[in-house]
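What follows is a set of notes on a single structure, which appears directly below.
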Amino acid sequence: VGAMSAGYMVGNSLMKKAQRYLREDIYLRKANRDLAVALKDFSPGMVLLPGKTKILTGTIAYLKSFLPARFVMIWQDTLCNLDEITLANAPLFDVTASYSSAAIPVLQKLGFPNCVWMPFAGDLSIHDQPTIPDQNQYDLTFLGGWRPEREKALETIAKNFKNIRLQV
């Protein structure tokens with residue numbers, strides 16, 4: 001669904017040129033229908049949906065009308081990136097997990113019931129504690145996805161603090 005919802009189409013250059021004239025919503029609806037059929041046949045006990053997944057509200061409502069599954073939305077992003085589809089789906093989620101505890105009251109006001117804080121990949125009771133070296137190898141480490149503003153900030157740090165040991 002993600003690739004189709006982003007408006008991408010695989011194929012030769014003629015197909016790629018034709019893509020400019022094709023309506024994205026047709027492919028999104030077809031992908032949602034295919035997903036509904038697959039889930040109906042599979043009959044899962046739980047459906048996990050990462051935030052910003054282009055699963056239409058009607059698709060979730062249809063699935064909830066006959067599947068005994070719990071629908072869990074994992075919101076792993078800043079609230080700035082909430083979109084209309086995700087907001088429309090809010091009341092249909094049984095649980096919403098957020099990486100940010102500060103976002104939970106806002107998500108609840110937006111209609112997401114049963115919000116829980118889930119510190120993704122940072123729970124030391126689940127993950128082994130890393131071995132801490134006697135001496136730190138770096139003064140500053142950045143871990144995250146690329147964004148222009150992040151690159152600019154890291155360039156500024158590297159340029160103005162020449163002696164800093166920086167790891168990206």
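For the pair Met46 and Asp25, a Förster radius of 25 Å applied to the C-beta separation gives a FRET efficiency near 0.35, rounded to the nearest 0.05. Pairs from the table (Lys54/Lys152; Lys30/Lys52; Lys17/Lys152; Lys40/Lys109; Lys30/Lys64) lying more than 26 angstrom apart at Cα are Lys54/Lys152; Lys17/Lys152; Lys40/Lys109.
Which FRET efficiency value, to the nearest 0.05, do you get for Phe161 and Ser100 by plugging their Cβ-Cβ distance into 1/(1 + (r/R0)^6) with R0 = 41 Å?
It comes to 0.90.
Using a Förster distance of 22 Å, how high is the FRET efficiency between Ala88 and Arg147, based on the Cβ-Cβ distance and rounded to 0.05? E(calc), rounded to 0.05, equals 0.25.
If you roll a 1.4 Å probe over the stretch 26-93 with all protein chains in place, what percent of the accessible area is carbon or sulfur?
Working: 2310 of 3680 Å².
That fraction is 63 percent.
The values are calculated or read from the model by the stated rules, or taken from the named source; none is laboratory data. Predicted model, so just to flag it, every value in this text is computed and none were measured. All Cβ positions, glycine included, derive from the backbone under ideal geometry; neighbour counts span all protein chains shown. Note: accessible area is taken over every heavy atom of the protein model, side chains too, but ligands, DNA and RNA are not part of it. Shrake-Rupley method; radii C 1.70, N 1.55, O 1.52, S 1.80 Å.
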